[in-house]
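Only one structure is covered here, and it is reproduced in the block below.
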Amino acid sequence: MALLWKDLHGVENKSIATSIKKFSTMSRKDMEELSESVDMRYLLGVMNSKYASVLLTNNRGGDYHITPEHIRNIPIPSATSAQQKPIITLVDKILSVKKDNPQNDTSTLESQIDALVYDLYGLTDDDVKIIESANRM
């Protein structure tokens with residue numbers, strides 16, 4: 001489950017306060033303001049990309065389990081609404097196709113998201129080749 005900081009506005013508890021203190025260099029107010037410009041479907045696209053898989057693997061090291069800490073440490077590129085829009089559109093298409101039939105093939109749409117994500121992270125052609133070949137294995 002994921003929530004944007006803006007959705008936690010006004011919620012006060014020890015877990016949230018501890019999380020901010022332990023894992024963030026930003027204030028809660030700053031994180032809430034930053035999350036105002038983030039669409040959850042953008043995050044869904046980025047987090048399900050091939051590159052996020054590589055980042056997660058690197059964060060985990062040799063750890064067998066995936067913990068919230070591993071996911072929390074995946075850097076999400078800041079993106080304008082215009083940069084987020086193509087990813088959101090593709091995510092909406094994937095969700096629609098999968099709603100009709102969960103077995104439908106969405107690999108072409110997923111590859112389009114991957115290409116947009118590579119651009120957002122500023123990856124070179126050589127970087128992309130390494131990621132693509134690693135994901136084929």
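The values are calculated or read from the model by the stated rules, or taken from the named source; none is laboratory data. Quick caveat, the model's predicted, so the values are computed rather than measured. Note that each Cβ is placed from the backbone with ideal geometry, even for glycine, and that neighbours are counted across all protein chains shown. Ligands, DNA and RNA are stripped out before the accessible areas are found, and what is left, the full protein with its side chains, is counted by its heavy atoms. Shrake-Rupley method; radii C 1.70, N 1.55, O 1.52, S 1.80 Å.
Some observations on this one:
- Within region 23-37, residues that are within 20 Å of E69 (Cβ to Cβ) and touching a residue at least 24 places away in the same chain (Cβ under 8 Å) have Cβ atoms under 7 Å from residues that are assigned to a helix (DSSP H, G or I) and of a type in the set (D, E) in no pair, counting only partners at least 6 apart in sequence or on another chain.
- No other residue among A115, A52 is of a type in the set (A, V, I, L, M, F, W, C) and open to solvent by 40 Å² or more (accessible area, probe 1.4 Å) apart from A115.
- Which numbered condition R41 misses (of (1) open to solvent by 50 Å² or more (accessible area, probe 1.4 Å); (2) touching an Asp or Glu at 6+ places or on another chain (Cβ under 9 Å); (3) farther than 27 Å from A134 by Cα; (4) touching a residue at least 12 places away in the same chain (Cβ under 8 Å)): (3)
- Residue in region 114-132 that is of a type in the set (G, A, S) and either under 15 Å from the mean Cα position of the chain (by Cα) or closer than 17 Å to D39 by Cα (or both) present: yes
- A single member of I130, I94 is of a type in the set (A, V, I, L, M), touching a helix residue (DSSP H, G or I) at 6+ places or on another chain (Cβ under 9 Å) and either under 28 Å from L8 (Cα atoms) or outside any helix (DSSP H, G or I) (or both), and it is I94.
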